[in-house]
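Student: Have a look at the structure that comes next, please.
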Amino acid sequence: MLLIRKGFPLLLVLALLSGCATRSLFVPYPNQATAWQSGIGSPQPAATEKLQKAAQSNDGVLYQQELGRVSQLDGERQQSQDAFAAAIDHYQQTDEAARIRASSLVADTSSLIVNDNARPYTAPDYERIFTRAYQALNYWAANDVTGTAVELRAAGEEQRNAARKRDREIAKAEKDADDNQVDLSQYQGYFEGLDAAAGSVKASFQNAWTFYLSALFWEAHGEYNDALVDYKKALEIHPDADFIKEDVQRVSAALNGRLHKDGMVAVIYEQGFVPPRQELSLPIPTVHGVFSVAFPTYSLQNKPRPDSLRVLDSNRQPLGETRVLADVGALAAKNLKEQLPGMLVRQTLRATAKYNAQKKANDDFGALGAFFTQVYNLVSEQADLRSWLTLPAYAQATRFFLPQGQHSLVLSTPGGSATLNVPVVDHGLTVIHVVAVQGHLITRVLPVQEGPL
Amino acid sequence: MIRVLSMMMLGAALVLSGCSTVDYGDAQARETVTTDFGSTDLQMIAAKMVDDMLVFPPIVQMTQNRRPVLFVDRVKNKTTEHIDTESITDTIQSKLINSGKFRFVDMSVVDRVRQQLDYQSESGMVDPSTAAQMGRQIGAEFMLYGNLSSIVKRDGSTKDVYYKFTLKLLNIQSGIIEWTSEKEIRKTRKKSLFGL
């Protein structure tokens, strides 16, 4: 009986470790993600299968997001649409889940003795907004106008909801820190890289790119009121973007019945992959002394530089140049910064729990037990590096006007160029979706949008 | 001790292996699984629209001696959900036809009807005396169309969804809206405190 009681914690740990519920417990997530990042742009059945299998795990929503994005870029539209729909279902379940859940209590407890990766992944707001925007592009590519409109409206709603709940959540996390007597200011010095990576972003969910995309769509369908609102929201986030100022003026004029005649061509350009989180060793003071724990962070060195895409006509005359509307690396860093207080509280509790385990092992199990506990504590100390890694580093856009007809356009980026034949319709909108990854461009021309919704 | 343990294991195994069941339910029963647009919303909207229309005095008068011909344009989905609005208009159409006061032409099958007419008149396979003739269809007098919009608010543990369905009947020749009606639906969901 004594043996059972002594062995119980070990058994529990074994049971937790052998469960494949959470894959990121001991393999850092960024290492897993290279499997599907490397072959992006053409069908990759092996990686897809891996993602589909992982989508059944506790972190399912993360893998569904990756699967949706990877299949979209691989040209598997239906698969992408299904994966994003599953991710969206998951968001709804999270939103409507009970406030105190038995399963999350279990996850929290196991995260106390293992690491934060034991907690099921919940998608942060900036990822939810991208999911909606990409799902809109899926419907757009299928020329399902109503479906596109639904998803773009939902993307806007996600942003509004995020704004509403953000202040309250940050206040709550800081209160928790107070209650657990964790002094947040003492860690300030360790997260300077994170502050630098977050840059000038004011809130983790403010995504001018998705606002701009939906504004373009509304304008093409004559919904000038909705277009004006979304152009203004994008301008609010990037007050110095001159072309958005022109957009606001043009749509205001359209509201008064003065329509712009030519057709609009917009280029939405996604550059690279968002940088992954990095591990940082953070000394956490506990009642028993300082304990070193692994903590996720972002650094500025890891971040690629933004480069723009220039559009030229067939005579090599410049038509437009894209501009960064969403710095996704900064959104991710800002999001992590907003989560810091809660994570620090958990880390402090975990450091204490692990210290206690070590002490108990020293006292009860002799040298061998103490040794294994120490190894376990070291190996299990993994920072939570999970985040949607096939998102772009920068989401950019530009737009220009061309007369009706077929036009041959040259897209030029530092990572390569492409020539496209693009249809333009008076009062219509032609969107060119360009993604630059792994040193090549993935391009597609979405169906022209025109006429009332 | 071991016996107690094995009994507990057996009990747990029985509970976990409980088979799933399939059952028929009442199609008209109130459905409150989520706040999303559901069957009860559809039924409430269709019932309200048809009731409103059939008791509206000018329409009562108009349908006293004849059965006007209508066509359903479409109901615009302006919500943040993927809703099959054709299913709503189908229900409304069925109810109106079954009231015996209206007749409908269906614009969604025009192409297939034309194919059949071509076959009857041109293939040489159909007895000309029974072949349906081109150009003898009846033109619709009125058009039914509308909007479905929603406002969704979420705040911590509460989600509030407001739907507004608007349906209009337009006289195609005069351009006058002869009738219009609205149905509002509000649904609120509160998160439960405990759950799995």
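The values are calculated or read from the model by the stated rules, or taken from the named source; none is laboratory data. From a predicted model like this one, the values you see are computed outputs, not experimental measurements. Using ideal geometry, Cβ is built from the backbone for each residue, glycine included, and neighbour counts are taken over all protein chains shown.
Student: Working only within region A:152-173, note down all residues that are at pLDDT 80 or above and more than 8 Å from every other protein chain (Cβ to nearest Cβ).
Tutor: Selection gives A:Leu152, A:Ala155, A:Gly156, A:Glu158, A:Gln159, A:Arg160, A:Ala162, A:Ala163.
Student: Any chance you could count how many residues in region A:246-281 are outside any strand (DSSP E or B) and closer than 30 Å to A:Val437 by Cα?
Tutor: Step one: list which residues in region A:246-281 are outside any strand (DSSP E or B), which gives A:246-262, A:272-277.
Going one step further and asking which of them are closer than 30 Å to A:Val437 by Cα, we end up with A:247, A:272-277.
Summing the residues that are outside any strand (DSSP E or B) and closer than 30 Å to A:Val437 by Cα in region A:246-281 gives 7.
Student: Now, a different point. Mind checking which residues of region B:171-196 are in contact with an Asp or Glu (Cβ under 7 Å, 6 or more places away or on another chain) and either within 14 Å of chain A (Cβ to nearest Cβ) or closer than 19 Å to B:Val55 by Cα (or both)?
Tutor: Answer for region B:171-196, where residues must be in contact with an Asp or Glu (Cβ under 7 Å, 6 or more places away or on another chain) and either within 14 Å of chain A (Cβ to nearest Cβ) or closer than 19 Å to B:Val55 by Cα (or both): B:Asn171, B:Ser181, B:Thr188, B:Arg189, B:Lys191.
Student: Are any residues in region A:146-173 exposed (fewer than 15 other Cβ atoms within 10 Å of the Cβ) and either of a type in the set (Gly, Ala, Ser) or touching a helix residue (DSSP H, G or I) at 6+ places or on another chain (Cβ under 6 Å) (or both), and if so, which ones?
Tutor: A:Ala163, A:Ala171
Student: Oh, and also: Out of region B:148-161, which residues are in contact with a strand residue (DSSP E or B) (Cβ under 7 Å, 6 or more places away or on another chain) and either exposed (fewer than 14 other Cβ atoms within 10 Å of the Cβ) or farther than 17 Å from B:Val75 by Cβ (or both)?
Tutor: Restricting attention to region B:148-161, the residues satisfying the condition of being in contact with a strand residue (DSSP E or B) (Cβ under 7 Å, 6 or more places away or on another chain) are B:148-153, B:157-161.
Across region B:148-161, the qualifying residues are B:Ile151, B:Val152, B:Lys153, B:Ser157, B:Thr158, B:Lys159, B:Asp160, B:Val161.
Student: Within region A:89-127, work out how many residues are without any contact (Cβ under 8 Å) to a residue 24 or more places away in the chain and within 14 Å of chain B (Cβ to nearest Cβ).
Tutor: Residues that pass the stated criteria total 15.
Student: Based on what the data block shows, is A:Ala133 surrounded by 19 or more Cβ atoms within 10 Å (Cβ to Cβ), within 14 Å of chain B (Cβ to nearest Cβ), closer than 23 Å to B:Val161 by Cα and at pLDDT 95 or above? Spell out how you get there, then give the answer.
Tutor: On the way: surrounded by 19 or more Cβ atoms within 10 Å (Cβ to Cβ): yes; within 14 Å of chain B (Cβ to nearest Cβ): yes; closer than 23 Å to B:Val161 by Cα: yes; at pLDDT 95 or above: yes.
Yes, satisfied.
Student: Could you pull out the residue among A:Leu255, A:Leu259 that is farther than 27 Å from A:Glu127 by Cα, touching a residue at least 40 places away in the same chain (Cβ under 8 Å) and more than 22 Å from the chain's Cα centre (by Cα)?
Tutor: A:Leu259
Student: Kindly state which strands (runs of 3 or more DSSP E) lie completely within region A:368-439 and contain at least 3 residues that are of a type outside the set (A, V, I, L, M) and either surrounded by fewer than 16 Cβ atoms within 10 Å (Cβ to Cβ) or free of Cβ contacts under 8 Å to residues at least 40 places away in the same chain (or both).
Tutor: Ranges flagged: A:405-413, A:416-424.
Student: Please go through region A:317-349 and give me each residue that is in contact with a strand residue (DSSP E or B) (Cβ under 7 Å, 6 or more places away or on another chain) and among the basic types (Lys, Arg), ordered by number.
Tutor: Residue satisfying the conditions is A:Arg323 alone.
Student: In addition: Does region B:128-163 hold any residues that are assigned to a loop (DSSP other than H, G, I, E, B), under 27 Å from B:Arg67 (Cα atoms), in contact (Cβ under 8 Å) with a residue 24 or more places away in the chain and polar (S, T, N, Q), and which are they?
Tutor: Filtering region B:128-163 down to residues assigned to a loop (DSSP other than H, G, I, E, B) leaves B:128-141, B:156-157.
With the extra rule that they be under 27 Å from B:Arg67 (Cα atoms), the set shrinks to B:130-141.
Imposing the further condition that a residue be in contact (Cβ under 8 Å) with a residue 24 or more places away in the chain reduces the set to B:137-141.
Selection gives B:Gln137 alone.
Student: Hey, another quick one. Only one residue in A:Ala393, A:Ala361, A:Ala353 is at pLDDT 90 or above and of a type outside the set (Val, Ile, Thr). Which one? Walk me through it before giving the result.
Tutor: Values: A:Ala361 fails: at pLDDT 90 or above; A:Ala353 fails: at pLDDT 90 or above.
Sole residue among the options that is at pLDDT 90 or above and of a type outside the set (Val, Ile, Thr): A:Ala393.
Student: Then there's this: Just a yes or no: is a residue in region B:145-157 within 14 Å of chain A (Cβ to nearest Cβ) and aromatic (Phe, Trp, Tyr)?
Tutor: Start the filter on region B:145-157 by keeping residues that are within 14 Å of chain A (Cβ to nearest Cβ), which leaves B:145-157.
If we keep only those that are aromatic (Phe, Trp, Tyr) as well, we get B:145.
Within region B:145-157, one or more residues are within 14 Å of chain A (Cβ to nearest Cβ) and aromatic (Phe, Trp, Tyr).
Student: What residue, of A:Gly193, A:Gly272, A:Gly199, is in contact (Cβ under 8 Å) with a residue 12 or more places away in the chain, surrounded by 19 or more Cβ atoms within 10 Å (Cβ to Cβ) and closer than 26 Å to A:Arg305 by Cα? Show your work before the answer.
Tutor: Working: A:Gly193 fails: surrounded by 19 or more Cβ atoms within 10 Å (Cβ to Cβ); A:Gly199 fails: surrounded by 19 or more Cβ atoms within 10 Å (Cβ to Cβ).
It is A:Gly272.
Student: What is the residue count in region A:154-189 for residues that are among the basic types (Lys, Arg) and touching a residue at least 12 places away in the same chain (Cβ under 8 Å)? Outline the logic, then answer.
Tutor: Initial filter on region A:154-189 (among the basic types (Lys, Arg)): A:160, A:164-166, A:168, A:172, A:175.
Filter again for touching a residue at least 12 places away in the same chain (Cβ under 8 Å), leaving A:166.
The qualifying residues number 1.
Student: Checking the structure you have, find out if any residue of region B:64-74 is within 14 Å of another protein chain (Cβ to nearest Cβ), surrounded by 12 or more Cβ atoms within 10 Å (Cβ to Cβ) and either hydroxyl-bearing (Ser, Thr, Tyr) or more than 30 Å from A:Glu223 (Cβ to Cβ) (or both).
Tutor: Scanning region B:64-74 turns up no residue that is within 14 Å of another protein chain (Cβ to nearest Cβ), surrounded by 12 or more Cβ atoms within 10 Å (Cβ to Cβ) and either hydroxyl-bearing (Ser, Thr, Tyr) or more than 30 Å from A:Glu223 (Cβ to Cβ) (or both).
Student: Inspect all residues belonging to region B:118-129 and state whether any of them is out of contact with any Lys or Arg (no Cβ under 7 Å at 6 or more places or on another chain), buried (at least 16 other Cβ atoms within 10 Å of the Cβ) and more than 14 Å from every other protein chain (Cβ to nearest Cβ).
Tutor: Yes; the residues of region B:118-129 include at least one that is out of contact with any Lys or Arg (no Cβ under 7 Å at 6 or more places or on another chain), buried (at least 16 other Cβ atoms within 10 Å of the Cβ) and more than 14 Å from every other protein chain (Cβ to nearest Cβ).
Student: Output the residues belonging to region B:63-92 that are touching a residue at least 24 places away in the same chain (Cβ under 8 Å) and part of a helix (DSSP H, G or I).
Tutor: Within region B:63-92, the first condition is being touching a residue at least 24 places away in the same chain (Cβ under 8 Å), and the residues that meet it are B:63, B:67-81, B:83, B:85, B:87-89, B:91-92.
Across region B:63-92, the qualifying residues are B:Thr85, B:Ser87, B:Ile88, B:Thr89, B:Thr91, B:Ile92.
Student: Determine if region A:75-96 includes at least one residue that is aliphatic (A, V, I, L, M) and over 13 Å from A:Arg132 (Cα atoms). Lay out the reasoning, then the answer.
Tutor: Going through region A:75-96, the residues aliphatic (A, V, I, L, M) turn out to be A:83, A:85-88.
Then keep just the ones that are over 13 Å from A:Arg132 (Cα atoms); that gives none.
No, every residue in region A:75-96 fails to be aliphatic (A, V, I, L, M) and over 13 Å from A:Arg132 (Cα atoms).
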